[in-house]
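The values are calculated or read from the model by the stated rules, or taken from the named source; none is laboratory data. Computed from a predicted model, the values in this text were never measured in an experiment. Here the Cβ is made from the backbone with ideal geometry for all residues, glycine too, and neighbour counts use every protein chain on show. With ligands, DNA and RNA removed, areas are computed over all heavy atoms of the protein, side chains included. Shrake-Rupley method; radii C 1.70, N 1.55, O 1.52, S 1.80 Å.
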Amino acid sequence: MFRTVRNLVRLFGIARTVARYNALPETLSDSAPGIAMFWRWVGNRKEPGRVGQRLARALAELGPTYIKLGQLLSTRSDLVGERTALDLAELQDKLPPFPGTKARAIVEEELGAPIAALFQSFDETPVAAASIAQVHFAVTADGREVAVKVLRPGIETAFERDIDLFYWLAELAVMVMPKLKRLRPREVVDTFARTSRLEMELRMEAAAASELAANFKGDPTFNVPTIDWDRTARRVLTLERIRGVKVDEYDRLEAQGFDRDEILAKASASFFNQVFRDGFFHADLHPGNLFVDENGNIAAVDFGIMGRLDRATRTYLADMLIGFLTGDYRRVAQVHFDAGYVPRHQSIEVFTQACRAIGEPLQNKPLNEISVGRLLAQLFAVTEQFEMETQPQLLLLQKSMLTAEGVGRILNPKINMWELARPLIEEWMRENRGPEAQILDDLEAAVVTIRRLPHLVRRAEEAATQIAEGGLRLHPNSILFMLERWVERRLSERIAIWAILVLLAVIAVELL
């Protein structure tokens, strides 16, 4: 009861703030007239901009957790609409800095030593202040230039209070509107809570940066700052200071003689390799996090939001994109059914038609006008009628694609980043989707089955013993039926299947 009262009071305050910015979606006036009346009473109808822009301003006023929530909602065009999602993607998590003296105190507390013992110098004026943390430049005791990221005081407590409210709202939403269950609101909050908690554990960010750096070891075109593990803790992250020009600073890039098309090619290749080659990608590659170093190579910072894709998801994604770009909409539909994203009882013919409605406008368009990020957003937006459940890993990828494509348009609006990465795409497809790859997949499945043979033999011996002792009675036809079903399930394991089949057949003959 106390939780309900507390959350209702807080919800009223949030609603009042959102109402003052007139950020009520137009469709809510019909479905919830009571809320619309409240909006008209409190709201400011003179607030400029689209509803998404107004909502972004309201969330920024509400504070760090709501800024992060807005960034999450920017990946959910199926919830807020494509236009609002794009507006929320522009939400900046810049906040006034907290005092440098507090930052020094946190560093000393976390690292267990006075600042003077850790650094030759520590600039108390931050160079950047975001919703979760702020960054100070410093020089270590051995003379290395570093950037020190310090978590905001009290941010964990405030975040947990807000997360409790979000869970309460998710439960209430499903209770009041059961059809929202398909959108998995509680899972959305789970994802938000998990990713935000990881952001507030700066050792996890350090580990992410280290993994990304290892993936690009030997590739000078994409660089990740080195982690200073001795000066890193739960609330403090120290890493190599990056010097360079932000990718959206045209004048400085031109003045230093950099070729923007070459920079775009390197950025495209690095993003493709992260997503498809490694399945581990920087999910917040906006211009503020990308620099061009003195050699014209890309350097990234801020590794708090990272995404992962397993091999099966990457294969699904590749097949889907090829289907869309070649106009093979049946293939697009089929990969959704094969991946289990769309339930089997749905009509594949009707889903193919829906995919055609999305992909046909892309045909005969110049490559620079095709956005893969927008394509995914449109696909997610039409899946409600097909009971396709939300795939959080794909939503994060979709947002990351939009951000990366935005960087590409900044560098050269006439060139599509995916076209620049085409040689890499073709090579990846040849290695992972060609006949040779299929043979390797079959061999891998066979090796797995062979490794399981001793276990299967033991199970077969146990079953034979039980049958011989009368503890388990099976009709010969039942044995044959189980063999047939077993063969169907294991048909793709082409080599080891025959060895197992012979073994079970021998047992069946003996029992006859």
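Listed here are the helices (runs of 4 or more DSSP H) enclosed by region 81-152 that have at least 1 residues being closer than 25 Å to T226 by Cα: 100-111, 115-118. Summed over region 414-434, residues that are under 12 Å from A265 (Cβ atoms) and open to solvent by less than 90 Å² (accessible area, probe 1.4 Å) total 9. The residue of region 202-244 that is nearest to G154 (Cα to Cα), among those that are out of contact with any strand residue (DSSP E or B) (no Cβ under 9 Å at 6 or more places or on another chain) and of a type in the set (D, E, K, R), is K217.
Return yes or no: is V275 under 27 Å from the mean Cα position of the chain (by Cα), under 30 Å from M200 (Cβ atoms), at pLDDT 95 or above and not small (G, A, S)? Answer is no for this residue.
Is it the case that some residue within region 211-220 is of a type in the set (G, A, S), buried (at least 17 other Cβ atoms within 10 Å of the Cβ) and either at negative phi or without any contact (Cβ under 8 Å) to a residue 60 or more places away in the chain (or both)? There is at least one residue in region 211-220 that is of a type in the set (G, A, S), buried (at least 17 other Cβ atoms within 10 Å of the Cβ) and either at negative phi or without any contact (Cβ under 8 Å) to a residue 60 or more places away in the chain (or both).
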